[in-house]
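S.K.: So that we are looking at the same thing, I have put the structure below in C-alpha cells.
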Amino acid sequence: MPQKIEMPQRPADQRTKDFEEVTTGYSEKEAVAEAARCIQCKAPQCVKGCPVNIDIPGFIKHIAGKNYEESIKVLKDKNNLPAVCGRVCPQENQCEKMCILGKKGEAIGIGYLERFASDWANKNLDLVKPNITSNSIKVAVVGSGPAGLTCAGDLAKAGYEVTVFESLHDIGGVLRYGIPEFRLPINVLDKEIDFLKSLGIKFVLNCLIGRTKSVEDLRKEGFKAVFVGTGAGLPVFLNVEGENLNHIYSANEFLVRVNLMRAFAFPEYDTPIYKGKNVAVIGGGNTAMDSARTAIRLGAASVKLIYRRTETEMPARVEESHHAKEEGVEFVTLTNPVKFLGDEKGFVKAIECVKMKLTEPDESGRRKPVKIENSNFVIETDLVVLALGLNPNPILPSLTQGLETDSHGYIIVDDNLMTRVPGIFAGGDIVGGDTVIQAMGMGKKAAKSMESYLKQQPLESA
Amino acid sequence: MFKIISKEVMAHNVKSYVISAPDIAKNAKAGQFVMVRIDDKGERVPLTIAGTDIEKGSIRIIFQEAGKTTKHLGRLGEGDFIKDILGPLGIPTEIKKYGTVAAIAGGVGTAEVLPVINYLRAEGNKIITIIGARNKDLILLENEIKQNSDELIITTDDGSKGVKGFVTTALEDLIKKGVKIDMVYAIGPVPMMRSVSKLTKEYSIPAFVSLNPIMVDGTGMCGACRVTVDGRTRFACVEGPEFDAHKVDWDELISRLALFKELEKLSDDKFTKERNECFEDNPECKCHRK
C-alpha cells in the first residue's frame, strides 16, 4: 500500500513573516495519487464519521479519475463550505479516523482531497448556480458563522427565501474573526460566501437580533421560521488577581483585532494592537495555537504557550500544535497561572504560575491537573492572551421570550434542534457545539427540521 | 451604509449628526449606544445615542473630536455615508420613579444625558440637571436641557457662566442646602464621574454612571470593555454601560482607557499630516468640507 502523500507546506522561517497560508495544497499529480489509494469500500465507514454525510468515496473516485468538476458537485451536494472544511475540519477525529486504511497504515487524506477539489473548482469554474425553484417562503437565519451559513445554504437550495442577519460588519462569524488567514485565507472564505449569495441568500449586516430587531419583529416581517446560530459569545477568564491589567487580552479580542479589523496593518487600518515582545498564551486548544502563531507573525521575540495539562491532553489538532512548534512557540505544560503582576502604570509584566501534576481522569476523560504546593514561579511577559474557551452568547436568548437556556446558557433544543418556541431552531456553539464542522452538521440538521416544520404549517400561515 | 441627514457644529470640536438608521431609531432606549465604523479601514468605536426620531427613522450622535476616528468622523458632511452602525447596544437606563434625580453631565455627556432625563421626567421624577464645562462656549444644548429639567444648574471652570467650579461643587451645595436627592446619574469624562461617585458615597446617595471603556465588537464577544464592579469583572458592552458608581474600580478604568495612548497618537498624527498634505495637493478634497 503506498503511503499517504504529505501536504506541502511553506518552511517555518518563511511563513512566520506573513499571514499567508501555511499549507499550499496538493498538486494535481499528488491529489490523483492520493485519491488512487482509496479502496472504495462498499460500506464506507468514513461517511459515518462525517457530520454532514458527504459521499466521501464518491468525490474521491472522481479525483482519481481526474474528473474534478464531478468531484466538486458531489462535495457541494452535502457541504456548502468544502474549501473551509478541507482546511479546518479535524478529519483525524472524524472521517479519517473511520477510514479502513488507517487500521493498518495511514488513512486517506480526505481533508486534503476535499481542499484540492474545492480549490480547483474555485480556480477553474465559474459559479454554477444550481436550479432552484423558489417557494416564496421567507426564513431567517441569525448569525453568519458555520452553522448559519450551512443552514442558509441548504434552505436556499430547497427553495426557501433566506435572509441571514449578522451583527458584525462582515460575513462568516468565527471563520472570519477567529480563524487566522494563515489557516483559512479570506479569499477562500469569500468564494464560499459568493456561492451562497448565488443561491439567492440575502445578507443583512450590522443587525443584532435581540437589540436591532427582535425575533418577534422577524415574525412580523413574514419570516415563517428562524434559525439561531449566534455562536459563542463571552470569553472565559481565569478570575485571578491582575487579570484586567493592560495588555491581557482574551483570544477573541486579540484575534478579532488582527483578523477582522486588520490591526496587523495599523496604522493603515485604524484598529491598534500591541504586538508584544515576550508573549504568553494561556490554553491548549486550536484558538490558543492560532493566538500564539499570530503573535509570532506580529513579530514577538518569544511566545510561550502555557497549559495546565500535558501535550497529550491538549484539545488542539496535532497538526496545529506541530505547526506552532515548528514556528517557534515554546510549550510550557503542567503550568497554571495564579496571578498576573503589573507595573506601576497598570501594564502586565509577569505571570505567577504554579506547577501542576496529573491525577485520575475527570468527566472529560482527561487526567485532572492539580497544583503542586509551593511550586510557584514567575514568567516574564508583556502581552498575555487568554484562550480558555467561550460561553454562549446570551443576548438573543435573554431578550427572546420563551427561548429557554440551560444552566450553562446554552439554548435548549429538542432532537430536531427546535427550541422551546415553535418555529425557532438553534444550532452551533449556542447549543453547545464545539467545532466548525459540528456547527455545520447542526446547521444542516436544523435546515431539514425547518423544512418538515414548514411543510406541516397550514398554507395561509406558511 | 448609513446616511448623514444633517450636521451641526455644537461647540469647538463638538459635532452633532442626525443619521438615517430606522431599525436602531425604532428600538433605541435611553442609555444605549451604537458601534460606529466609518469605512473599510476604520475601527469600531462606541458612541452614546443622544436622541432618536422614530418617524424620520433617524438617530442623533454627538461627539467631540479627540482622536483619529472622531476627527475623521467630524470631517464628514451632510449626505455622506457611514459604512457601519450597529445598535442599539447595552442595557437601557432603568426608568422608574426615584423621586428627585440629579442628572450630572460634562463634556459631550451633556448631549447624552438628554434622553435619560426625558424618560426619567416622563416617569414622574423631579429632575435637577447640573452641566459642567470648561467655559461658556463649551456648554451644549442649554435650551433643550432646560426644557426637560425642573431645574438647571450650569457650572464652568472659569466662572464665565453659572457657578464657578465643578459639577461636584454645585451638587454639594444642593446637598448642603438640604435638597433631598434620591438618585444621582452621571455621564461624562471619567474624572468627573469619579468625583461624583466619591461625593455621593460620602452622603450615601445612590449613584449610577455610564462608562465608556474601549470596545471592539460591542456585543460581548471580546472583553476589551471589562471593568471591575464590586470586585467582579463585568463587560460594559452587554452588562452595562451603566453601573453603580460606588462599586466601580476607577483606577483600573482610567488605566485601561490609556491602553493604546501611544498608538492612538501615532494614528492621530498620521491622519492630521495626511489631511494637511492632501489639502495642499488637492484643494477640492472632500475631507476638508466643514
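S.K.: Is at least one residue of the stretch A:349-372 in contact with a Lys or Arg (Cβ under 7 Å, 6 or more places away or on another chain), open to solvent by 40 Å² or more (accessible area, probe 1.4 Å), under 30 Å from B:Arg256 (Cβ atoms) and part of a loop (DSSP other than H, G, I, E, B)?
M.R.: Checking the stretch A:349-372: not a single residue is in contact with a Lys or Arg (Cβ under 7 Å, 6 or more places away or on another chain), open to solvent by 40 Å² or more (accessible area, probe 1.4 Å), under 30 Å from B:Arg256 (Cβ atoms) and part of a loop (DSSP other than H, G, I, E, B).
S.K.: Residues of the stretch A:193-209 being assigned to a helix (DSSP H, G or I) and open to solvent by 20 Å² or more (accessible area, probe 1.4 Å), which ones?
M.R.: Answer for the stretch A:193-209, where residues must be assigned to a helix (DSSP H, G or I) and open to solvent by 20 Å² or more (accessible area, probe 1.4 Å): A:Asp194, A:Lys197, A:Ser198.
S.K.: Among the residues of the stretch A:421-454, write down those that are more than 23 Å from A:Gly402 (Cα to Cα), assigned to a helix (DSSP H, G or I) and not hydrophobic (A, V, I, L, M, F, W, C).
M.R.: A:Gln438, A:Gly441, A:Lys444
S.K.: If you don't mind, there's one more thing I want to ask. Go through the residues of the stretch A:145-154 one by one and say whether even a single one is at negative phi, within 14 Å of chain B (Cβ to nearest Cβ) and buried (at least 22 other Cβ atoms within 10 Å of the Cβ).
M.R.: Yes, the stretch A:145-154 contains at least one residue that is at negative phi, within 14 Å of chain B (Cβ to nearest Cβ) and buried (at least 22 other Cβ atoms within 10 Å of the Cβ).
S.K.: Okay, moving on. Being in contact (Cβ under 8 Å) with a residue 40 or more places away in the chain and among the charged types (D, E, K, R) is the filter here, so list the residues in the stretch A:321-350 that pass it.
M.R.: Within the stretch A:321-350, A:Glu326, A:Glu327, A:Lys339, A:Lys345 qualify.
S.K.: Filter the stretch B:154-168 down to the residues that are among the polar types (S, T, N, Q) and under 21 Å from the mean Cα position of the chain (by Cα) and list them by number.
M.R.: Across the stretch B:154-168, the qualifying residues are B:Thr155, B:Thr156, B:Thr168.
S.K.: Kindly indicate the residue of the stretch A:212-252 that is more than 7 Å from chain B (Cβ to nearest Cβ) and part of a helix (DSSP H, G or I) and also surrounded by the most Cβ atoms within 10 Å (Cβ to Cβ) among those meeting that condition.
M.R.: Filtering the stretch A:212-252 for residues that are more than 7 Å from chain B (Cβ to nearest Cβ) and part of a helix (DSSP H, G or I), the one surrounded by the most Cβ atoms within 10 Å (Cβ to Cβ) comes out as A:Ala251.
S.K.: I'd like the residue in the stretch A:284-308 that is assigned to a loop (DSSP other than H, G, I, E, B) and more than 14 Å from chain B (Cβ to nearest Cβ) and, out of all such residues, is surrounded by the fewest Cβ atoms within 10 Å (Cβ to Cβ).
M.R.: Applying the filter and picking the extreme gives A:Ala301.
S.K.: If you don't mind, another one. So the check is Cβ under 8 Å with 6+ separation or different chains; which pairs have a first residue in the stretch A:82-95 that's open to solvent by 20 Å² or more (accessible area, probe 1.4 Å) and a second one that's part of a loop (DSSP other than H, G, I, E, B)?
M.R.: Sorted first by the residue in the stretch A:82-95, then by its partner, the pairs are A:Arg87/A:Arg183; A:Arg87/A:Leu184; A:Glu92/A:Ala107; A:Glu92/A:Arg317; A:Gln94/A:Cys50; A:Gln94/A:Pro51.
S.K.: Next question. Is it true that A:Val74 is free of Cβ contacts under 8 Å to residues at least 24 places away in the same chain, aliphatic (A, V, I, L, M) and either in contact with a Lys or Arg (Cβ under 9 Å, 6 or more places away or on another chain) or not assigned by TED's automatic domain parsing to the domain that holds A:Glu327 (or both)?
M.R.: yes
S.K.: Still on this structure, I have one more. Filter the stretch A:311-334 down to residues that are β-branched (Val, Ile, Thr) and either open to solvent by 30 Å² or more (accessible area, probe 1.4 Å) or modelled with pLDDT under 95 (or both), then give me how many there are.
M.R.: Here the count works out to 3.
S.K.: Could you pull out the residue among A:Lys349, A:Lys277, A:Lys304 that is among the charged types (D, E, K, R) and over 19 Å from A:Glu253 (Cα atoms)?
M.R.: Unique residue meeting the criteria: A:Lys349.
S.K.: crowded, with 18+ Cβ neighbours inside 10 Å, within 14 Å of chain A (Cβ to nearest Cβ), farther than 13 Å from B:Val14 by Cα and modelled with pLDDT of 95 or more: is that true of B:Ile82 in this structure?
M.R.: yes
S.K.: Can we say B:Ile214 is touching a residue at least 40 places away in the same chain (Cβ under 8 Å) and crowded, with 24+ Cβ neighbours inside 10 Å?
M.R.: The answer is no for B:Ile214.
S.K.: Then there is this: Does B:Gly42 satisfy the criteria of being small (Gly, Ala, Ser) and under 28 Å from B:Lys146 (Cβ atoms)?
M.R.: The answer is no for B:Gly42.
S.K.: Taking the condition outside any loop (DSSP other than H, G, I, E, B) and either touching a Lys or Arg at 6+ places or on another chain (Cβ under 9 Å) or of a type in the set (D, E, K, R) (or both), does A:Val256 pass?
M.R.: no
S.K.: Check off (1) under 25 Å from A:Ala263 (Cα atoms); (2) in contact (Cβ under 8 Å) with a residue 60 or more places away in the chain; (3) crowded, with 16+ Cβ neighbours inside 10 Å for A:Glu380 and give me the number that stays unchecked.
M.R.: Answer for A:Glu380: the failing condition is (3).
S.K.: Picking from A:Asp170, A:Asp190, which residue would you name as being in a loop (DSSP other than H, G, I, E, B) and under 18 Å from the mean Cα position of the chain (by Cα)?
M.R.: A:Asp170
S.K.: Being within 24 Å of A:Thr335 (Cβ to Cβ), within 14 Å of another protein chain (Cβ to nearest Cβ) and part of a strand (DSSP E or B) is the requirement here; does A:Tyr274 meet it?
M.R.: no
S.K.: Follow-up. May I ask you to list the residues in the stretch B:235-260 that are surrounded by fewer than 19 Cβ atoms within 10 Å (Cβ to Cβ) and basic (Lys, Arg)?
M.R.: Once the filter is applied, which keeps residues that are surrounded by fewer than 19 Cβ atoms within 10 Å (Cβ to Cβ) and basic (Lys, Arg), the stretch B:235-260 yields only B:Lys247.
S.K.: Looking at the structure I just gave you, is A:Lys78 open to solvent by 10 Å² or more (accessible area, probe 1.4 Å), closer than 13 Å to A:Phe59 by Cα and within 19 Å of the chain's Cα centre (by Cα)?
M.R.: For A:Lys78, the condition - open to solvent by 10 Å² or more (accessible area, probe 1.4 Å), closer than 13 Å to A:Phe59 by Cα and within 19 Å of the chain's Cα centre (by Cα) - is met.
S.K.: Could you tell me how many of the residues in the stretch B:111-128 are in contact with a helix residue (DSSP H, G or I) (Cβ under 7 Å, 6 or more places away or on another chain) and assigned to a helix (DSSP H, G or I)?
M.R.: So the count comes out to 1.
The values are calculated or read from the model by the stated rules, or taken from the named source; none is laboratory data. The model shown is predicted, which means the values in this text are computed figures rather than measured ones. Neighbour counts are summed over all protein chains in view; Cβ atoms, including those assigned to glycine, are modelled from backbone coordinates with ideal geometry. Just so you know, the surface numbers come from the protein's heavy atoms only, side chains and all, with ligands and any DNA or RNA stripped out. Shrake-Rupley method; radii C 1.70, N 1.55, O 1.52, S 1.80 Å.
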